[in-house]
Amino acid sequence: MNHYPLQESGSELSLFHLGSMDWLPNQEAIRWFLFSVWPAIHKKFPALRLNLAGRGFPSELLALNLPGVNMEGKVNDANDFMESKQIMIVPLLSGSGMRVKIIQGLALGKTIISTSIGAEGIDVKDGLNILIADSPAAFLEKIEMCLSHPERCLSIGLNGRKFVAENYSNQVIGKKLCAFYEQLCFEKVAEEI
């Protein structure tokens, strides 16, 4: 967890997404969020900012001039980008595999609002260490909760950090790997007897 320092001064309760935009599920997710979710959020919270970053941003997305949306494109350091923001959105509608950026965001103590698909493969719990939203109305509800109850928002982020420390730290993964190899060796010896 040394590579993921907790920001002590507090992060701005702004939204952000960080992901490779040359991956089609991320493009689909951001288009859906910008056109189906963001208008209602911006209408209710006009001062709220949405910061989008990642390599391979399609030029048509970078060219959009939507109110309250900052398209940064590729950033030099993901941790630096995420450090000053608190609420990470992962509005994936398709795709497979575990989202490493969610693990990274959790390790940094960020509050993650993800679709169920986005959180697949990570044993998180809605309302405890992540927030799950599968519709525009649900995203609005979760964001409103975070802005209305910043202490709860930050608590969910801290719970996420604790979850990563307990399940994905190098020490925990190393112990699991050693146990796996010990079991393989035990089984191999048992076969030879």
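The values are calculated or read from the model by the stated rules, or taken from the named source; none is laboratory data. The structure presented is a predicted model; accordingly, all values stated were derived computationally and were not measured. All Cβ positions, glycine included, derive from the backbone under ideal geometry; neighbour counts span all protein chains shown. In case anyone asks, the SASA skips ligands and DNA or RNA and just uses the protein heavy atoms, side chains included. Shrake-Rupley method; radii C 1.70, N 1.55, O 1.52, S 1.80 Å.
For the range 88-135, which positions are of a type outside the set (Val, Ile, Thr) and not in a loop (DSSP other than H, G, I, E, B)? Working first, answer last.
Our first condition is that a residue be of a type outside the set (Val, Ile, Thr); within the range 88-135, this holds for 88, 91-99, 101, 104-110, 114, 116, 118-121, 123, 125-129, 131, 133-135.
Listed by number, the residues that qualify are 88, 101, 104, 105, 106, 107, 114, 126, 131.
On the given criteria, is residue 90 surrounded by fewer than 19 Cβ atoms within 10 Å (Cβ to Cβ) and closer than 29 Å to residue 43 by Cβ?
Spelling it out, it is not the case that residue 90 is surrounded by fewer than 19 Cβ atoms within 10 Å (Cβ to Cβ) and closer than 29 Å to residue 43 by Cβ.
Given the residues 179, 138, which is the only one that is in a helix (DSSP H, G or I), of a type in the set (A, V, I, L, M, F, W, C) and either open to solvent by 30 Å² or more (accessible area, probe 1.4 Å) or over 26 Å from residue 25 (Cβ atoms) (or both)?
179
Residue under question is residue 56, and the condition is that it be more than 23 Å from residue 160 (Cα to Cα), open to solvent by less than 60 Å² (accessible area, probe 1.4 Å), modelled with pLDDT of 90 or more and not in a strand (DSSP E or B); does it hold?
yes
May I ask you to list pairs of residues, at least six apart or on different chains, whose Cβ atoms are under 6 Å apart, with the first in the range 150-166 being at negative phi and the second being open to solvent by 50 Å² or more (accessible area, probe 1.4 Å) and at pLDDT 95 or above?
The qualifying pairs are 159/128.
Cβ-Cβ distance below 6 Å, separation of 6 or more or different chains: which pairs start in the range 25-38 with a residue that is in contact (Cβ under 8 Å) with a residue 60 or more places away in the chain and end on one that is in a helix (DSSP H, G or I) and of a type outside the set (Lys, Arg)?
Every condition considered, the pairs that remain are 36/136; 37/136; 37/139.
Sort through 120, 151 and tell me the only one that's within 14 Å of the chain's Cα centre (by Cα), open to solvent by 60 Å² or more (accessible area, probe 1.4 Å) and not aliphatic (A, V, I, L, M).
Result: 120 is the single residue among 120, 151 that is within 14 Å of the chain's Cα centre (by Cα), open to solvent by 60 Å² or more (accessible area, probe 1.4 Å) and not aliphatic (A, V, I, L, M).
Tally time: how many residues in the range 154-168 are among the small types (Gly, Ala, Ser) and open to solvent by less than 10 Å² (accessible area, probe 1.4 Å)?
Of the range 154-168, the ones among the small types (Gly, Ala, Ser) are 155, 157, 160, 165.
From what's left, open to solvent by less than 10 Å² (accessible area, probe 1.4 Å): 157, 160.
Residues flagged as among the small types (Gly, Ala, Ser) and open to solvent by less than 10 Å² (accessible area, probe 1.4 Å) within the range 154-168 amount to 2.
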